[in-house]
Every structure is written in structure tokens, then in C-alpha cells.
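Working notes for the structure below.
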Amino acid sequence: MTNWYYHGGGEQIHDEIGQIFNFKGLLAGNSGGQSGGWFRKEMTSPDDFNGLKYRMPGLGGKVLGKLGASVQNIPGGELYQALSSGALDGLEWVGPAADERAGFYEVAKVYYTAGFHEPGSALSANMNLDKWNTLSDTHKAILRYASMATTLYQLAETFSANGAALQRMQSQGVKAVQFSDEIWDAFGAASAEVMDENMDDELFRTTRASFEASLADSAAWISKSDGYYVQQRVRVLGGS
């Protein structure tokens with residue numbers, strides 16, 4: 001996400017969106033990939049989502065709707081009660097640190113640690129575009145680089161906090177699991193449908209093409225460098 005934003009055209013698209021709504025946005029935080037969420041039981045196949053009362057907003061919710069889920073958009077402050085009462089069969093929130101604070105582990109014990117729906121949770125600091133345009137270049141640069149530093153710091157902080165929180169929740173009986181390949185394939189097929197349904201929108205098309213081009217370039221290198229290194233580190237030293 002950060003690579004695309006600063007070096008693949010993402011910042012320019014952000015500015016284009018800002019022009020529509022008269023704001024200047026700065027990338028100012030990233031909490032990493034979001035977890036797959038909380039369930040009362042393990043999901044063994046895509047069919048298990050049929051009729052499931054699940055909280056997931058946005059495009060991710062539309063994807064689960066394709067699998068037959070009854071998608072619920074419940075405010076964050078009401079989620080614990082909804083999960084506890086059975087109004088929800090499951091939900092996704094953020095990641096282990098935020099989820100622990102919300103207490104979801106007290107009422108659901110199956111936690112999918114990887115989700116399909118939000119692999120790079122970028123945050124935006126927005127300000128009135130007219131006010132932004134009155135700032136000097138120096139002040140604009142200060143705000144831009146402060147936002148960059150915030151993004152880097154939050155990402156590091158989140159990784160650290162998530163690891164510790166997951167261990168604490170596991171000590172309370174939480175089972176950390178992953179979706180099967182079959183379910184991931186279903187996520188992929190449904191995601192493609194949802195994406196295609198939005199292709200009539202010019203800005204959506206532009207954003208998708210820009211991001212996917214940057215992703216392809218980055219993935220080609222990462223698979224040959226960091227990705228391969230991690231595989232060999234695990235093979236030689238163990239762990240994960």
C-alpha cells in the first residue's frame with residue numbers, strides 16, 4: 001500500500017478524490033492487514049457462510065454476501081452486545097490488539113488471523129483544501145513528512161501490539177486458525193465479481209489499474225527477495 005501510494009500513483013489518485021470533496025488528504029497511518037474475524041465455530045467450506053449473520057462493512061461485506069452471508073452493518077459500540085446476544089454469528093474488527101480491547105474473545109473463541117478484505121489498512125489525515133492551498137511549501141512539507149513518520153510508527157507499533165495481544169487471547173482459550181484454500185478460492189471468485197460490478201465507475205477503474213500495476217511490480221521483487229528469505233529462515237531456523 002505504501003509503495004503504491006508514494007511511488008506508484010496512489011498519492012495522485014488521493015489528490016484527485018480530494019478535489020471532488022475539497023480536501024487534501026495525507027497518508028497518515030497504517031494498521032496492516034486486518035484479521036478474518038471472530039466466529040463461534042470453524043468455517044470448513046464456503047457453504048458455511050450461507051445464512052451466517054456477519055458484520056463486515058464495505059466491499060468485503062459485498063463479497064461475503066455473494067457467499068450467502070447475511071451481512072450486518074452494526075455500529076462499533078454495539079458489536080460486543082450483538083455478538084454476545086446472538087444477533088451476530090461473527091464479526092471482523094481490526095486485529096488482535098484492537099479486538100482484545102473490544103473483548104470479543106470473551107464471547108467467541110475461533111479467530112481467523114488473516115482476512116481477504118483489508119490487506120493494507122491505510123489511514124488518511126484530511127484537511128480543507130482551501131486552507132491547505134494557503135500554506136507555504138515549507139509547512140506543506142512538514143505536514144507531509146510528519147504523516148509519513150506516523151505511518152511508519154503506527155505500522156511498527158501495530159505489529160508489536162498484535163503479537164502480544166494474540167498470545168494473551170490464546171491463553172484465554174482463543175483458537176487462532178486460517179481459512180482453507182477452498183474458502184480463499186471462494187473469496188477470490190466473489191471478489192472478482194464485486195470488482196467487476198464497479199468497473200463502470202471511471203475513478204474505480206483508474207484506481208484499480210494503478211494499484212494492480214504497482215502490486216505486480218512489487219510482488220515480482222518481494223517473491224524473489226523478502227518472501228524467499230522468510231521461507232529459508234523458517235526452514236533453517238524454525239519458527240514462523
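Some notes on this structure:
- Distance in nm between pseudo-label sites at Arg233 and Glu202 (7 Å out along the Cβ direction from Cα): 4.5 nm
- If the segment from Ser210 to Ser85 were pulled out straight at 0.36 nm per residue, it would be longer than the present Cα-Cα gap by 40.7 nm.
- In a DSSP loop and with at most 13 other Cβ atoms within 10 Å, there are no trypsin sites (Lys or Arg not before Pro) in the range 97-184.
- Length added when fully stretched, Phe159-Glu182, from 0.36 nm per residue minus Cα-Cα: 5.5 nm
- Loop trypsin sites (Lys or Arg not before Pro), the range 1-81, which have at most 13 other Cβ atoms in a 10 Å radius of their Cβ (DSSP): Lys41
- Simple point charges give the picture: +1 on the Cβ of Lys and Arg, -1 on the Cβ of Asp and Glu, and for the chain a dipole about the Cα centre of about 800 debye.
- At an R0 of 22 angstrom, the distance between the Cβ atoms of Ser223 and Thr2 translates into a FRET efficiency of 0.75.
- Whole-Å semi-axes of the ellipsoid equivalent to the chain (Cα gyration tensor, √5λ, descending): 32, 22, 21
- Placing a label point 7 Å from the Cα of Ser124 along the Cα-to-Cβ direction, the residues of the range 1-39 whose backbone N falls under 11 Å of that point are 11-28.
- Relative contact order %, the chain, counting alpha carbon pairs below 8 Å whose residues are six or more apart: 31 percent
- Gain in span if fully extended, Glu42 to Ala149, counting 0.36 nm per residue against the direct Cα distance: 34.6 nm
Bear in mind that the values in this text are calculations on the coordinates, not laboratory data. Worth saying up front: this structure is predicted, and the values here are computed from it rather than measured. Neighbour counts are summed over all protein chains in view; Cβ atoms, including those assigned to glycine, are modelled from backbone coordinates with ideal geometry.
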